[in-house]
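Participant: The structure under discussion is supplied below as structure tokens; questions concerning it will follow.
Bear in mind that the values in this text are calculations on the coordinates, not laboratory data. Bear in mind the structure is a predicted one, so any value in this text is a computation, not a measurement. Ideal geometry is used to build each Cβ from the backbone, glycine not excepted, and the neighbour counts take in all protein chains shown.
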Ligand SMILES: CC(=O)c1nc(NC(=O)[C@H]2CNCCN2)sc1-c1cc(O)cc(O)c1
């Protein structure tokens, strides 16, 4: 169990670094905090499960993720929400969809570049045993 805790601690450090890098990127500023309902009043009528990078970071600290897959599922949720809320052919909606797709690609690339697959396999085994 102690070895498992060491593995999960390493995963949290790793995910915080990726989350911080994404949140620092100016082009993702609109994904960094929960959508401000004053700014976007109809948001919660359309998006049932909001997600943002600040919430992701707090979930890491609450040990919500025990493998990179679970973390990427929440990244995918940020992207899906942006695509659903911005479906129009307008330049503004296209721009936001493009940024959302870029966020997903950068997140997956960071994980792939910095996580060796047997570390992720170990995390998956811990998750599946729990
Ligand atoms: C993150 C997101 O999905 C988002 N989408 C928007 N879309 C629009 O405003 C489109 C929707 N179609 C009609 C034309 N307007 S604004 C917005 C947003 C931007 C911020 O600076 C902060 C924030 O919390 C949310």
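Participant: Give the residues of region 1-42 whose amide nitrogen is closer than 12 Å to a point set 7 Å from the Cα of residue 119 in the direction of its Cβ.
Facilitator: 7-18, by backbone N distance to the label point.
Participant: I would also like to ask the following. Contour minus end-to-end for residue 55 and residue 4, with contour as 0.36 nm per residue of separation and end-to-end as the Cα-Cα distance?
Facilitator: Residue separation times 0.36 nm, minus the Cα-Cα distance, leaves 15.9 nm.
Participant: Using a Förster radius of 22 Å, what is the FRET efficiency between residue 89 and residue 46 based on their Cβ-Cβ separation? Nearest 0.05, please.
Facilitator: The calculated FRET efficiency here is 0.80.
Participant: Could you tell me the calculated FRET efficiency between residue 24 and residue 102, based on Cβ-Cβ distance and R0 = 22 angstrom, to the nearest 0.05?
Facilitator: Efficiency at R0 = 22 Å is approximately 0.95.
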